[in-house]
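Engineer: Below you'll find the structure I mean.
The values are calculated or read from the model by the stated rules, or taken from the named source; none is laboratory data. Just so you know, these numbers come straight off a predicted model, no measurement behind them. As a convention, Cβ positions derive from the backbone with ideal geometry for all residues, glycine included, and neighbour counts pool all protein chains shown.
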Amino acid sequence: MKIIDRLNEDRIHISFEVFPPKTDDGIEKVFAATDEIAKLDPAFISVTYGAGGGTSRNTARIATHIKDDLNVLSLAHLTCASSTKEEVRDVIENLKDLGIENILALRGDIPANMTFPDAERFRYAWELVEEIKRHGDFCIGAACYPEGHVENEHKADDIRYLKQKVDCGVDFLTTQMFFDNDIHYNFLYRIREAGITVPVLPGIMPITSASQMRRSRELSGTVFPRRFLSILDRFGGSPGAMRQAGIAYATDQIIDLLANGVKNIHIYSMNKPDVAAAIMNNLSEIIKC
Ligand SMILES: Cc1cc2nc3c(=O)[nH]c(=O)nc-3n(C[C@H](O)[C@H](O)[C@H](O)COP(=O)(O)OP(=O)(O)OC[C@H]3O[C@@H](n4cnc5c(N)ncnc54)[C@H](O)[C@@H]3O)c2cc1C
């Protein structure tokens, strides 16, 4: 089944994300995490993609496990910046052979030591979207950035390029993490005004430790509001308290989004089924509305 068909149903959908292990040794642990998350009745589980090597191979393995063994829709991420066009085509063909119908098409970050762009590689995610469409009838998701993508100084350009990407055949968008819902509402208004009409899944990252917050800020350049920073100041030194506060903060963000008419939410659950379960427990009655 295609994820877009699920997203178009008139009900609340919550999806989760896992990431592959760095080496094959860790795969059983990730399978165990997916098995627990599957019990939460997710709309789908997405699997991130690392550049090259075992990580990228394992994305397909994990997505297949989710789909075939757990009977849950899976979304395989695929990046193109660090692979040649030929390598990317092979991955798409492999996903097709495995019966994976849903792909999140991404450019990926550009490795520091690489000359980019070059003729061997796709330069932007929209080129990957077009390539995926040439290989079959996939449901294609793509990324978007409520605070703007870090490489682009001008948010208006970012939205113009996002529209071009969606027009190449993107079925839905998932946002970069954000911690202030007003930023998301403002972004939604601007992209709708720009004529982007596909479903947008807000990406919610439960931050359960001070180190995770630092990593997230480095990775995404996101703004942490004062309310979040107070939580970190007060509870960052106490792992149990920070975990509880981080889960409460993410829950609060989700409740506000749902109260404002958002129907589909993606949780960056980061191979932590206990965190995913705690949030779902907090929402148990709410998601029935
Ligand atoms: C939901 C989500 C999931 C992610 N999953 C992964 C993952 O699994 N693995 C991973 O490595 N990374 C992942 N990332 C990170 C992502 O790969 C990086 O943010 C990357 O830098 C941009 O990828 P993109 O697909 O958004 O690129 P693009 O859409 O190609 O945009 C990249 C930049 O180019 C600009 N641009 C686009 N088109 C044009 C144009 N025609 N002319 C000029 N400029 C243009 C954009 O404004 C932007 O600044 C994810 C990000 C998100 C939000």
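Engineer: Could you list, in sequence order, the residues of segment 1-31 that are in contact (Cβ under 8 Å) with a residue 60 or more places away in the chain, aliphatic (A, V, I, L, M) and more than 16 Å from the ligand (Cβ to nearest atom)?
Structural biologist: Scanning segment 1-31 gives M1, I12.
Engineer: Go through the residues of segment 221-230 one by one and say whether even a single one is within 24 Å of G141 (Cα to Cα) and within 16 Å of the ligand (Cβ to nearest atom).
Structural biologist: yes
Engineer: I've got another one for you. Are any of the residues in segment 41-57 within 23 Å of K272 (Cβ to Cβ), in a helix (DSSP H, G or I) and in contact with a Leu (Cβ under 8 Å, 6 or more places away or on another chain)?
Structural biologist: Within segment 41-57 (the criterion being within 23 Å of K272 (Cβ to Cβ), in a helix (DSSP H, G or I) and in contact with a Leu (Cβ under 8 Å, 6 or more places away or on another chain)), the answer is no, since none of the residues qualifies.
Engineer: Could you check, for segment 129-141, whether at least one of its residues is basic (K, R) and away from the ligand (no atom under 11 Å from the Cβ)? Steps first, answer last, please.
Structural biologist: Pass one, segment 129-141, residues basic (K, R): 133-134.
Narrowing the set further to residues that are away from the ligand (no atom under 11 Å from the Cβ) leaves 133-134.
Yes, that holds for at least one residue.
Engineer: Here are some conditions: (1) under 19 Å from the mean Cα position of the chain (by Cα); (2) farther than 25 Å from P273 by Cβ; (3) modelled with pLDDT of 95 or more. E193 meets all but one. Which one does it not meet?
Structural biologist: E193 satisfies all of (1) under 19 Å from the mean Cα position of the chain (by Cα); (2) farther than 25 Å from P273 by Cβ; (3) modelled with pLDDT of 95 or more except (1).
Engineer: Still on this structure, please answer the following. Can you find a residue in segment 242-258 that is away from the ligand (no atom under 16 Å from the Cβ) and in a loop (DSSP other than H, G, I, E, B)?
Structural biologist: No: segment 242-258 contains no residue that is away from the ligand (no atom under 16 Å from the Cβ) and in a loop (DSSP other than H, G, I, E, B).
Engineer: Then there's this: Applying the selection to segment 241-269, what residues are more than 13 Å from F228 (Cα to Cα), of a type in the set (G, A, S) and touching a helix residue (DSSP H, G or I) at 6+ places or on another chain (Cβ under 8 Å)?
Structural biologist: A241, S269
Engineer: Could you count how many residues in segment 196-223 are closer than 21 Å to N271 by Cα and crowded, with 20+ Cβ neighbours inside 10 Å?
Structural biologist: So the answer is 9.
Engineer: Starting from segment 242-271, take each residue that is over 19 Å from K288 (Cα atoms) and list its partners that are of a type in the set (S, T, Y), counting only C-beta distances under 8 angstrom and pairs at least six apart or across chains.
Structural biologist: Matching pairs, first to second residue: M242/T208; M242/S209; R243/T208; R243/S209; G246/T208; G246/S209; I247/T208.
Engineer: For D180, state whether it is among the acidic types (D, E) and at pLDDT below 95.
Structural biologist: For D180, the condition - among the acidic types (D, E) and at pLDDT below 95 - is not met.
Engineer: Could you please find all residues in segment 89-107 being away from the ligand (no atom under 16 Å from the Cβ) and either of a type in the set (D, E, K, R) or surrounded by 15 or more Cβ atoms within 10 Å (Cβ to Cβ) (or both)? Steps first, please.
Structural biologist: Filtering segment 89-107 down to residues away from the ligand (no atom under 16 Å from the Cβ) leaves 89-90, 93-94, 96-99, 101.
Those that are away from the ligand (no atom under 16 Å from the Cβ) and either of a type in the set (D, E, K, R) or surrounded by 15 or more Cβ atoms within 10 Å (Cβ to Cβ) (or both): R89, D90, E93, K96, D97, L98, E101.
Engineer: Count, please, the residues in segment 20-30 that happen to be more than 14 Å from S269 (Cα to Cα) and in a helix (DSSP H, G or I).
Structural biologist: Residues in segment 20-30 being more than 14 Å from S269 (Cα to Cα) and in a helix (DSSP H, G or I): 6 in total.
Engineer: Within segment 10-28, restricting attention to residues that are surrounded by 13 or more Cβ atoms within 10 Å (Cβ to Cβ) and among the charged types (D, E, K, R), which residue is farthest from S46 (Cα to Cα)?
Structural biologist: The residue in question is D24.
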